[in-house]
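Below: one structure, written as structure tokens.
The values are calculated or read from the model by the stated rules, or taken from the named source; none is laboratory data. Remember, it's a predicted structure, so these values are computed and weren't measured experimentally. Backbone-built Cβ (ideal geometry, glycine too); neighbour counts: all protein chains shown. SASA here: full protein model, heavy atoms, side chains in, ligands and nucleic acids out. Shrake-Rupley method; radii C 1.70, N 1.55, O 1.52, S 1.80 Å.
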Amino acid sequence: ILAIYLAKIISELPVNLLSTVGYGFIIYYVTGLRSGFQHFLVFIAILMLEAYAVMGLGFLVSCCAKTRQIRDILSIFVFLTIFMFGGNQLQNRLDVSWIIRWFQFLSPVYYAYTALLRNELEGNEIQGVLGDSFLIEFRVRLFSIWECAGILFGLGTLYFALGYFALRATTSSPRFIF
């Protein structure tokens with residue numbers, strides 16, 4: 001099972017990362033994000049790490065279910081949850097209970113959102129207002145860009161590993177008769 005699982009990851013990862021680079025290149029310059037090649041490289045790196053982590057989560061979700069119908073329902077629930085807690089939808093709401101607020105720390109979207117906002121706004125001035133004041137308003141000062149990058153890589157690796165164990169648990173071993 002491990003060989004098939006690794007082959008699937010190795011075959012899909014370059015395609016996903018290259019498409020992310022192409023998409024990121026177009027989006028960065030079309031939307032007029034912060035000038036400077038270093039900011040562009042950080043943007044591309046964070047997008048690639050987010051794609052890696054979300055791909056790992058997708059593998060985990062698909063390996064947890066034995067049937068296609070259960071996988072489809074599970075994936076809708078998981079991905080809606082990580083998107084709700086990933087960006088600005090729920091993390092700035094003070095009335096959200098601490099019981100569910102921790103979900104944001106499992107979301108790759110949260111770390112990508114934080115890193116991308118910091119890359120764009122930190123030390124930048126937008127229409128006479130310092131970008132750092134926006135970071136305070138959006139409450140994204142908890143992690144640095146590089147901490148977010150490390151966490152994204154760690155989450156992706158964790159999700160891939162858990163996906164492998166889930167696949168082992170949900171797949172019966174083939175029996176060969178010689």
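Divide the volume of the convex hull of the Cα atoms of segment 1-59 by its number of residues and quote the answer in cubic angstrom per residue.
Values: hull volume 4.3 nm³, N = 59.
It is 73 Å³ per residue.
Can you give me the long-range amide H partners of LEU130? Hydrogens built in the peptide plane at 1.01 Å from N, cutoff under 5 Å, separation of 5 or more residues or another chain.
none
Compare the peptides 21-27, 78-84 by average per-residue count of other Cβ atoms within 10 angstrom and give them in order, highest first.
Values: 21-27: 13.1, 78-84: 15.7.
Taking the mean over residues of other Cβ atoms within 10 Å, the ranking is 78-84, 21-27.
As a test of the formula, what do you get for the chain when each DSSP H run with n ≥ 4 contributes -39,500 (n - 2.57) and the sum is divided by the residue count, at 222 nm and rounded to the nearest 500 deg cm²/dmol? Kindly include the intermediate steps, with their values, before the conclusion.
Working: 7 runs with 128 residues, N = 178.
Calculated mean residue ellipticity at 222 nm is -24500 deg cm²/dmol.
Can you order the peptides 102-109, 121-128 by their average number of other Cβ atoms within 10 Å per residue, highest first? Can you show the working numbers first?
Details: 102-109: 18.2, 121-128: 11.8.
Result, highest mean first: 102-109, 121-128.
Any idea what the dipole of segment 1-139 comes to, in debye rounded to 20, about its Cα centre with Lys/Arg Cβ at +1 and Asp/Glu Cβ at -1? Don't jump to the answer; show the numbers that get you there.
Working: 9 positive and 9 negative charges, 113 e Å.
Using Cβ point charges on Lys, Arg, Asp and Glu, segment 1-139 gives about 540 debye.
Would you calculate the separation in nanometres between label points at ARG101 and LYS66, each defined as 7 Å from the Cα along the Cα-to-beta-carbon direction?
Result for the modelled spin labels: 4.0 nm.
Where does each of CYS64, CYS148 land when they are ordered by accessible area, with a 1.4 Å probe and the largest first? Let's see the in-between values first.
Numbers: CYS64 65, CYS148 0 Å².
Putting CYS64, CYS148 in descending order of accessible area: CYS64, CYS148.
Of all the C-alpha pairs in the chain, what % are more than 27 Å from each other? Write out the running numbers ahead of the final one.
On the way: 5532 of 15753 pairs.
Result: 35 percent of Cα pairs exceed 27 Å.
Starting from the alpha-carbon convex hull of segment 124-165, give the projected area averaged over all orientations, in nm².
On the way: hull surface 15.2 nm².
Averaging across all directions leaves 3.8 nm² for the Cα convex hull.
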